[in-house]
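As structure tokens, the structure follows; a few thoughts come after it.
The values are calculated or read from the model by the stated rules, or taken from the named source; none is laboratory data. Keep in mind that this is a model prediction, so the values were computed, not measured. Methodologically, a virtual Cβ is constructed for each residue, glycine included, from the backbone with ideal geometry; neighbour enumeration extends over all protein chains shown.
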Amino acid sequence: MRRLIISAVALLFASIPALAQGVAGEQVVVVKDVEVRSGPSKNFYPTSRLVQNDKVLVLRESKESPGWLEIKPPSGSFSWVNAKFVKQVDARHGFVDCDPARPVSVLPGSSLVNQEPNRESMKLTAGTVVVIVAQPNTVNGETWLPIQPHPSEVRYLPIEAVKLAATIMPTTSGPPNWTLSPNGYSGNNVLAEAEKALSANDLNRARQLFEVVANNATDPNQKVYAQNRLASLSRTPVSATTMSLSPATPSPVAATNLVTLQPAAWSVYGRLRDTRLQSENGQPLYALEDAVGKTIAYVTNQPGKSLQAYIGRTIAVFGPTMYRPDSAVRMQFILATHVAVP
């Protein structure tokens, strides 16, 4: 009898998802399809749909409703914020402009149902940066902006819909420093010669060669790189070997209270764009964008380094993901220490 009871208990626990191993991490959808929801039950409206073998980043099991998982909003997710509380910097970027004592509500958007959202996912404080992903929508005299989900936002899946994905060992390979070796441009001898001239501080020859590449290169990355080099040379000389900021650049503001959310790792590849904003360490803030212009991650550099020469290029960056919890602009960004080109 005792052996029968033990077998029954073992069978019972075998049928329960392996929570003892922890649910956080990448998981894969194991059902034919499943609706991602705005809250932890089927009573909340769906926001998107996943199909078998899709991958999601699971953050934790919901304390509100055990059996449901809090996940990072899947690709294509968006949220709504009232436009009257957003001051736009350009067509795609803005920041929350509200009474500091009265944060603004964010509502999960849906690509599946055409109904007024009734679930508040979080509140945004004054100064929080938002990324606008589509045209605004006006309903009952109120204009709403579709924005990228805030890094703290979550969506929900039933726990039985996913299982842990196979672990992939992180790569430690990558460039040892910021230096762009001329050998990296073996396909464009003119660009290699321009880099050599810049290293030798022969600025006139470097300008001439970069102009040739900027006007004649067929590779768009090489063309944009040469254009950026020319723009840098027209202002102040920049060292090609160290990529150091010019001494004429104002001293950066030292950031305090920065919290490391994720240890240093390589980002995915994306095209680098200047946001015209500043990070918490007083350096320019950039965005890595995918092929359709959606922001993959925000990036900044360490004081004394520069990413200006990479604007418009497809790159990956290496560094920790940082966050300052006491700042009005609550944004995660990668503090880049290395850069790689495909």
* Unmet requirement for residue 130, which otherwise passes all of (1) within 22 Å of the chain's Cα centre (by Cα); (2) farther than 25 Å from residue 322 by Cβ -> (2)
* Look at segment 49-93 and say how many of its residues are of a type in the set (Ser, Thr, Tyr), within 19 Å of the chain's Cα centre (by Cα) and part of a loop (DSSP other than H, G, I, E, B). => 2
* **Qualifying positions in segment 75-87 - modelled with pLDDT of 90 or more and surrounded by fewer than 19 Cβ atoms within 10 Å (Cβ to Cβ)** => 82, 83, 84, 87
* Going by the structure shown, is residue 112 of a type outside the set (Asp, Glu) and not in a strand (DSSP E or B)? -> yes
* Asked: If you take the residues in segment 96-126 that are in contact with a Cys (Cβ under 9 Å, 6 or more places away or on another chain) and within 25 Å of residue 75 (Cα to Cα), which one is surrounded by the fewest Cβ atoms within 10 Å (Cβ to Cβ)?
  -> 125
